[in-house]
Amino acid sequence: MSAPLPDWQRFIAGNPFPAHADAAYPRAPLELPVSRLPRDTWAAACIPAAVRLEFEGRAAALRVLYRCRASAPDNAGQLQLTRHMRADMAACFELWSAQQCLASMPAGVDTGLQSVTIPLSGDGPYTLYLPELLLPEIVELRVIDGELRPRPARPRWLAYGDSITEGWCASSAALSWSARCARALDLDLINFGYSGAARGEIAAAEMLAGQRADVISVAFGTNCWSRVAHDGALFGATLRTFLQIVRAAHPTLPIFALSPILRPDGEQRANARGLTHAQLRAVFEQTVFALQEQGDTQLHLIEGLPLLNRDDLSADGIHPNDAGHAAIAQVFAQRLRPWLSPLSNRGA
């Protein structure tokens, strides 16, 4: 027997802001005036990275009624670029329980109403990842032969970063480093990774400052070397200001700062402002050290360079492949795990 779930919106996780004409699940808020958000940031925010369904209970299956949104005209170019650069990502619904993938169901690409039926086994808990590059919009959830309920609250993780945090070049939404880490540590992930953007803008820092959180990560820099070239002084001041704004709003939370990972084409090559990628990474780490020395005992550095080698990068030489995402997730989870007990008490 199939029955509609009257509270199905509560099953959706990772969507901190209301729907917008450009996106069903935007990852940037409407209350920030557009003039304060770079256009590429807003375009990336229209991709529902890490938006998912989370639930538990026993049933034969879950039927998802959905439609795929067409690209909004203002964002079409960036969305098409994102789809091209993330071509390895499967257009499918993936059902996971902890670190095990239980089912993978291809998604239709029509903009009209369609459905997919996800077989279930056991009591969960379950995470159903959406085919995010198709810009899906859930219309209804129906449970087949059973009863399902939303998962209880867990510690909330705000992950700010660029395309690496967003999940580029992972072969599915479930295999980005942030998604892997969230499952391993049972965290409620809000992915604030913005492909081609995430340059530490004050508006983005204020956005994190206004969000409820239990742990925060900050991982940006490579787009400050390439797309909008910074020199060392500007990048250091940008990172310092960004972290200070976030810290002022969340005075006791652990903040994990991940410095830029290996980028072979830039390590020894200077950008337009005379800064190599290696030097930019050094500025990132020195800025974090300085804030720690000034008394921020809850700010933690994770050094990005040792995490990956060339074999862990995708064909573009910039983004991690699946092995690279797994390596970042493993180290991040190890560093965060000691904080899990107090975080779990806060998220309960």
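Remarks
- Considering 250, 230, the condition of being surrounded by 17 or more Cβ atoms within 10 Å (Cβ to Cβ), in contact (Cβ under 8 Å) with a residue 12 or more places away in the chain, within 19 Å of residue 300 (Cβ to Cβ) and out of contact with any Pro (no Cβ under 8 Å at 6 or more places or on another chain) is satisfied by 250 alone.
- Residue match in region 114-122 (condition: under 23 Å from the mean Cα position of the chain (by Cα), modelled with pLDDT of 90 or more and assigned to a strand (DSSP E or B)): no
- Which numbered condition residue 119 misses (of (1) surrounded by 22 or more Cβ atoms within 10 Å (Cβ to Cβ); (2) outside the structural domain of residue 263 (by TED's automatic domain parsing)): (1)
- Whenever a residue of region 299-324 is modelled with pLDDT under 95, it has no partner that is in a helix (DSSP H, G or I) lying with C-beta atoms less than 6 angstrom away and at least six residues away or across chains.
- The lone exception for residue 130 - which of (1) more than 19 Å from residue 91 (Cα to Cα); (2) over 12 Å from the mean Cα position of the chain (by Cα) it fails: (1)
- In the set 311, 322, 296, 316, only one residue is closer than 13 Å to residue 256 by Cα, surrounded by fewer than 19 Cβ atoms within 10 Å (Cβ to Cβ) and not polar (S, T, N, Q); that residue is 296.
- Qualifying residue in region 178-195 (condition: closer than 22 Å to residue 40 by Cα, in contact with an Asp or Glu (Cβ under 6 Å, 6 or more places away or on another chain) and assigned to a loop (DSSP other than H, G, I, E, B)): yes
- The one condition in (1) surrounded by fewer than 24 Cβ atoms within 10 Å (Cβ to Cβ); (2) of a type outside the set (Lys, Arg); (3) outside any strand (DSSP E or B) that residue 138 fails to fulfil: (3)
- Residue check, residue 114 without any contact (Cβ under 8 Å) to a residue 60 or more places away in the chain and out of contact with any strand residue (DSSP E or B) (no Cβ under 7 Å at 6 or more places or on another chain): no
- Among the residues of region 150-173, the ones that are modelled with pLDDT of 95 or more, part of a helix (DSSP H, G or I) and of a type outside the set (Val, Ile, Thr) come to 2 in all.
- Answer from 238, 165, 222 - the residue that is within 30 Å of residue 265 (Cβ to Cβ), free of Cβ contacts under 8 Å to residues at least 40 places away in the same chain and among the hydroxyl-bearing types (Ser, Thr, Tyr): 238
- Residues that are modelled with pLDDT of 95 or more and either in the same structural domain as residue 258 (by TED's automatic domain parsing) or on the phi > 0 side of the Ramachandran plot (or both) within region 124-145 comprise just one, 145.
- Within the option set 315, 327, being more than 30 Å from residue 249 (Cβ to Cβ) and touching a helix residue (DSSP H, G or I) at 6+ places or on another chain (Cβ under 7 Å) holds for one residue only, 327.
- Test: residue in region 57-67 that is modelled with pLDDT of 85 or more, surrounded by fewer than 20 Cβ atoms within 10 Å (Cβ to Cβ) and farther than 28 Å from residue 154 by Cα: yes
- Search result, residues across region 1-22 that are within 21 Å of residue 188 (Cα to Cα) and among the aliphatic types (A, V, I, L, M): 12, 13, 19
- Flag if residue 123 is out of contact with any Leu (no Cβ under 9 Å at 6 or more places or on another chain) and over 29 Å from residue 327 (Cα atoms): yes
- Scanning region 258-298 for residues being free of Cβ contacts under 8 Å to residues at least 24 places away in the same chain and among the acidic types (Asp, Glu) gives a total of 2.
The values are calculated or read from the model by the stated rules, or taken from the named source; none is laboratory data. Computed from a predicted structure; not experimentally measured. For neighbour counting, all protein chains shown are included, and Cβ atoms are generated from backbone atoms with ideal geometry for every residue, glycine included.
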